[in-house]
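Structure, as structure tokens:
The values are calculated or read from the model by the stated rules, or taken from the named source; none is laboratory data. For clarity, every value in this text was computed on a predicted model and none was experimentally measured. Heads up, the Cβs are rebuilt from the backbone with ideal geometry, glycines too, and the neighbour counts pull from every protein chain shown. Surface accessibility is based on the protein's heavy atoms, side chains included, excluding ligands, DNA and RNA. Shrake-Rupley method; radii C 1.70, N 1.55, O 1.52, S 1.80 Å.
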Amino acid sequence: GAVVSQHPSWVICKSGTSVKIECRSLDFQATTMFWYRQFPKQSLMLMATSNEGSKATYEQGVEKDKFLINHASLTLSTLTVTSAHPEDSSFYICSALWTGGFVEQVEQFFGPGTRLTVL
Amino acid sequence: SQELEQSPQSLIVQEGKNLTINCTSSKTLYGLYWYKQKYGEGLIFLMMLQKGGEEKSHEKITAKLDEKKQQSSLHITASQPSHAGIYLCGADTGRAGGGADGLTFGKGTHLIIQP
């Protein structure tokens with residue numbers, strides 16, 4: 001299957017600073033990527049849809065000014081947590097949408113996740 | 001909005017026993033994904049079901065999607081310690097399939113295997 005990477009795998013930062021998380025599709029191009037968030041002992045929640053060359057689409061309740069998404073190329077989407085606070089501490093997972101095949105299959109491949117701890 | 005009810009929330013099973021995890025949707029599913037996760041780690045894709053009545057198996061894990069495409073079950077036969085973890089079902093409610101609109105996840109089932 002296709003490979004999606006995330007960097008960094010974990011990060012610790014001070015309150016008030018900004019943190020950037022990268023999501024890369026390593027062996028395919030992805031016009032669409034997704035960002036999910038997972039709190040301890042909870043499921044994943046879709047935060048936003050990242051579209052290459054256009055603005056991201058945010059789910060209800062997700063602050064777009066807080067979580068900046070940039071999908072600058074077909075293989076890279078970044079999530080920047082601005083002015084991070086302890087409540088932003090979470091596990092962030094991205095996924096990339098792969099389309100291809102003779103019948104235009106669509107599949108979603110997940111990255112390994114990034115653990116963010118804000119002190 | 002799409003809602004997924006996953007049950008049970010947690011499950012303790014003696015090694016060697018069979019178990020079933022259920023996932024019920026409030027809407028028709030165009031795709032149902034099963035993942036395994038150890039908390040704080042990435043998702044391991046298990047299976048994807050799209051057609052009503054579809055059933056797929058891999059090693060000792062079998063997943064089914066009912067005819068109405070609103071309920072799925074994950075069955076593990078002769079459970080082993082390696083099966084322990086969190087199982088998540090993810091729903092694709094977009095007609096395009098493949099999770100093109102992102103996935104909605106159930107709350108997960110925490111599976112513990114007792115030796």
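Test of understanding: among A:PHE109, A:PHE34, which residue is within 14 Å of another protein chain (Cβ to nearest Cβ), within 10 Å of the chain's Cα centre (by Cα) and under 17 Å from B:GLY102 (Cα atoms)? The match here is A:PHE34. B:ASN18 satisfies every condition listed in (1) open to solvent by 40 Å² or more (accessible area, probe 1.4 Å); (2) at pLDDT below 95 except (2). Note on segment A:1-17: among residues that are more than 13 Å from A:LEU116 (Cα to Cα) and within 13 Å of the chain's Cα centre (by Cα), the one that is most open to solvent (accessible area, probe 1.4 Å) is A:SER5. Candidates A:LYS20, A:LYS41: the one that is assigned to a strand (DSSP E or B) and open to solvent by 20 Å² or more (accessible area, probe 1.4 Å) is A:LYS20.
The set of residues in segment A:59-94 being touching a Phe, Trp or Tyr at 6+ places or on another chain (Cβ under 8 Å) and of a type in the set (Gly, Ala, Ser) consists of A:SER77, A:SER90. Within segment B:4-49, the set of residues being over 13 Å from the mean Cα position of the chain (by Cα) and over 21 Å from A:TYR36 (Cα atoms) comprises B:SER10, B:LEU11, B:ILE12, B:VAL13, B:GLN14, B:GLU15, B:GLY16, B:LYS17, B:ASN18, B:SER26, B:LYS27, B:THR28. Among the residues of segment B:15-32, those that are over 11 Å from B:THR109 (Cβ atoms) and either assigned to a loop (DSSP other than H, G, I, E, B) or in contact with a Cys (Cβ under 7 Å, 6 or more places away or on another chain) (or both) comprise B:GLU15, B:GLY16, B:LYS17, B:ASN18, B:SER26, B:LYS27, B:THR28, B:LEU29, B:TYR30, B:LEU32.
You will find that of B:LEU43, B:LEU49, B:LEU29, the residue that is in contact with a strand residue (DSSP E or B) (Cβ under 8 Å, 6 or more places away or on another chain), at pLDDT below 90 and away from chain A (no Cβ under 13 Å) is B:LEU29 and no other. Scanning segment A:41-64 turns up at least one residue that is closer than 28 Å to B:LEU46 by Cβ, at the interface with chain B (Cβ under 9 Å from one of its Cβ atoms), without any contact (Cβ under 8 Å) to a residue 12 or more places away in the chain and in contact with a His (Cβ under 9 Å, 6 or more places away or on another chain).
Residues in segment B:60-69: is at least one more than 14 Å from chain A (Cβ to nearest Cβ), assigned to a strand (DSSP E or B) and open to solvent by 40 Å² or more (accessible area, probe 1.4 Å)? Scanning segment B:60-69 turns up at least one residue that is more than 14 Å from chain A (Cβ to nearest Cβ), assigned to a strand (DSSP E or B) and open to solvent by 40 Å² or more (accessible area, probe 1.4 Å).
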